[in-house]
Structures are given as C-alpha cells and as structure tokens.
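First up is the structure itself, then whatever we jot down about it.
Read the figures in this text as sums done on the coordinates, not as results from a lab. What you see is a predicted model, and the numbers here were worked out from it, not measured in a lab. With ideal geometry, Cβ positions are generated from the backbone for all residues, glycine too; neighbour counts draw on all protein chains shown.
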Amino acid sequence: ANAGTKEKSSFHLGPARVVMTPPTKDGLPQSELGDQGWHVGYSAAGEVMDVGDGVSDITVGDVVACAGAGKANHADFIVVPRNLVCRVPAGCEMKLAATTTVGAIALQGIRRAACQLGETIAVIGLGLIGQITAQMLRANGCRVLGMDSDPVCVPVYYVSKLARDN
C-alpha cells in the first residue's frame, strides 16, 4: 500500500497456535490419511498406457506429466483427466517432468498476485514452493523478501542479500 512512498514497510507475523496430538494407542503418530485415503502425491510423470474416449492429442506411448491431488498419485498406474496432463518435451528427464506441478503452483501464485518488474514482493513460507516462487520472482526482476516462521527455512542467501540491499 505504500509503494512509491518514502515510508518504511513493515510486516508482522503473529504467533501460531500449535497443538500436539498424542500418538495412537499403538504408539504411532496421528494421521488423517485413514480419513482421506492413502492416495498421496499430486505430481507424476510417465508413459501413457491407454487413453479415454475422445482423447486424440495424446497417444499410447507418449511421455506425459500429470497434476492433481487425488489423481496424479504416487503409484505404478494412475488415471488422470485430460485437462491435468501435458506432453513432456523430448530430452526432458522423467524425474524433472514429475516436478512440473510444483513449479506450476509457484507460477500460478505469481500470476494471481500480478507481480510487476521492480516490485518488492514478500514470500511468506519458504518451503519447496516458496523457494521456487522466490527464484521465479527474482528472475522476473522483483526484489524478494523471504519470511518463514521457522528460521531453518530462511536461506542464508536471502538473508545476506537483504542485508546488502538495505
């Protein structure tokens, strides 16, 4: 709100409430996977084994990247709707293609925020997607302020870069 003014920008990350759930009666950690199902993962890549009716632009044998929670699971075989699949370019390693969704999530956040060249952008949460978001923003000419409630997640690079910029 104060872009272009000489006023200082400030941000306060309030305290978080953390609730520790006791282990199960068997001594294992609590998990909601029993409630939601054991379909973990949301990004995969592989070879097309079959296609559904009406699909003509993807064929058996194509290598594709897939996205979608509950669809692109960590499994030997998955069924994914056509709108969540894209062909992988020749020469792209399968393990890299499998990370497509992670990059797409970061890019969608940047698109939705409508970040512009030269702006200062705060990325709150510096896990995998936050790190990718920060790198994309910097490549786009933005000044990035990385913040995380866990100091282990704040990379030294961003801390030292901020110290030099100020």
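In whole angstrom, how long is each semi-axis of the equivalent ellipsoid of the range 40-125, when you take the square root of 5 times every eigenvalue of its Cα gyration tensor and sort them from largest down?
Taking √(5λ) for each Cα gyration eigenvalue gives 29, 14, 13 Å.
Within 10 Å, count the other beta carbons around each residue, average over each peptide in 15-28, 103-116, and list them highest first.
Packing order, densest peptide first, comes out as 103-116, 15-28.
Would you mind getting me the FRET efficiency between GLU93 and ARG143? Use the beta-carbon distance for r and R0 = 30 Å, nearest 0.05.
Working: r = 32 Å, r/R0 = 1.08.
Efficiency computed from Cβ-Cβ geometry: 0.40.
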